[in-house]
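Heads up: the structure comes next, in structure tokens.
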Amino acid sequence: MQADIRTGRLSEAEIESNFTDMHPPLDRPGALVEADRCYFCFDAPCSTACPTGIDIPGFIQKIRSNNIKGSAYTILSENIMGGMCSRVCPTEVLCEEVCVRTTLEGQAVKIGLLQRYATDAIIHDKQQLFRRQQASGKHIAVVGGGPASLSCAHRLATLGHQVTILNAAEKPGGLNEYGIAAYKTVNDFARTEVDYILDIGAIEVRNGKSLGTDFSLAALREEYDAVFLGFGLAGVNELGMDSDRAEGIVDAVEYIARLRQSNSKTDLPVGRKVVVIGGGMTAIDVAVQSKQLGAEDVTIVYRRGPQQMGASKFEQDFARTSGVRIRHWLAPAQLKMDGNRVCGVRFEYTRLDENDRLQTTGDSYELEADVVFKAIGQQVLWNALGDTQDILELEHGRINVNEHRKTSLADVWAGGDCIFGGEDLTVSAVQDGKIAAMNIDRFLQGSE
Ligand SMILES: Cc1cc2nc3c(=O)[nH]c(=O)nc-3n(C[C@H](O)[C@H](O)[C@H](O)COP(=O)(O)OP(=O)(O)OC[C@H]3O[C@@H](n4cnc5c(N)ncnc54)[C@H](O)[C@@H]3O)c2cc1C
Ligand code: SF4
């Protein structure tokens, strides 16, 4: 049987209409209606639930009084990526989940959209809201160009320090540039936001520079006053089956990166029957985008139930309404092959035993596939990082840090996906970078 994978399943126009903004922005009247729904709660639960601690009623009040600049400042002074976070945060399990309006009438104040309303114009027009403090003469190396690193770099720059970002990729932004679903960040917003962040000055970005290949951690510690590590998770988990690397088995993160960087989405090869193995945001994103590119039949298969999926209920519902099927309690058991090419997957049904351990039942279920996406999580690619892992204290393969995001080394901090105990969300990475920067500043002033 010939695999049915080809480019141009849909026309340019069809793809363009499929990839429109997932949450179109509010206009002024819409923003006022939403802002008026806020109760301006004392000890606002929404602010407590925000990983970056934004004063949410405070910025909503400023929208009401048409002080958009002040509103943006309230947001960006806690979260310099407040623009991207307003697009990608799973608000349904953060601020909006605990909004008093959710409890009272099942409909939260649209905090994410209001945040976007307050920040969009400021970021697009590059209205600088921050000033750098007097130069400290200190120079910090920041490894990686993702949300954790950019947040750390921006805060360090405002505190008067000089920063050099050393980033492996050809562009800064990390997964904002290469990973987030295209329908969440249209019109190259990731790049616009990075430009806004760098506009503060005192941050030099060197792209195409990798820790482990072009420089070592020891060399950075020698040359700079402090080091921040934000190199994320560059390795993907394997399915652990024979033929794991056969034709037709595709790393979901790599495919999404190609999609995000392509000039024309019609040029991307798309399977007719697509199977996605995994249960997180990556699984949802690759499944929905495959459908939007014209795949006929897309199924996400997850080995546990809907409650255990990393993707929220909102995201699961979004996938279903986009035409994606989700099957639970099935674990991949065998890749079906046609020569060196995958043509299907045999799954075994699973259940939890009395000790809540996952077991297979012995019953099978098969799906045909032209493409099988691996979306079962990522890991730090330590092999590519030289002797970094020998110097740092690790836990479960990630970097161990304290509450200030300081590593086991006195002059090295870390944040984002590469640290142990994080949430693997953009907003958490931003918070890590901010906390680390403030602690680095205290360290450099000798008050730490
Ligand atoms: C497909 C996908 C979709 C996602 N969707 C969402 C979403 O909708 N909402 C959400 O909140 N979160 C989402 N996430 C998670 C979110 O993107 C991450 O939690 C966040 O980007 C982590 O930021 P970071 O700075 O730690 O790492 P990254 O964004 O991964 O950035 C790491 C940076 O380090 C660089 N680097 C890597 N190795 C080296 C090296 N050796 N030397 C120098 N530089 C190096 C990389 O080039 C990159 O610039 C998604 C993740 C994926 C994979
Ligand atoms: S919980 Fe809801 S109503 Fe209360 S301050 Fe936050 S957004 Fe407003």
- Task: List every DSSP H helix in the chain whose Cα atoms extend 24 Å or more along the helix's own long axis and whose mean Kyte-Doolittle hydropathy is at least 1.0.
- Result: none
- Query: Which distance in Å, rounded to a whole number, links the C-alpha centroids of region 361-384 and region 252-282?
  - Reply: 14 Å
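For region 36-150, what is the number of Lys pairs with C-alpha distance below 25 angstrom, counting only pairs 8 or more positions apart or on separate chains?
Values: Lys62/Lys110; Lys62/Lys126; Lys69/Lys110; Lys69/Lys126; Lys110/Lys126.
So the count of such lysine pairs works out to 5.
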- Per-residue [θ]222 nm for the chain (sum of -39500 (n - 2.57) over DSSP H runs n ≥ 4, rounded to 500): -10000 deg cm²/dmol
- Give me the distance between the Cα centres of region 329-351 and region 116-178, rounded to whole Å. 44 Å
- Task: Once you have the Cα-Cα distance between Lys313 and Thr360, take 0.36 nm times their residue separation minus that, and quote the gain in nm to one decimal.
- Result: 14.4 nm
- Contour excess over end-to-end distance, with Cα ends at Asp21 and Met438 and 0.36 nm allotted per residue: 146.6 nm
- Item | Projected label distance in nm at Lys336 and Val186, using a 7 Å step from Cα toward the beta-carbon | 3.8 nm
- Residues in region 47-72 near a label at Asp36, defined as backbone nitrogen under 17 Å from the 7 Å Cα→Cβ point? 60-67
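Readers should treat all values here as calculations from the given coordinates under stated rules, not as data from a laboratory. What you are looking at is a predicted structure, and each value in this text was computed from that prediction instead of being measured. With ideal geometry, Cβ positions are generated from the backbone for all residues, glycine too; neighbour counts draw on all protein chains shown.
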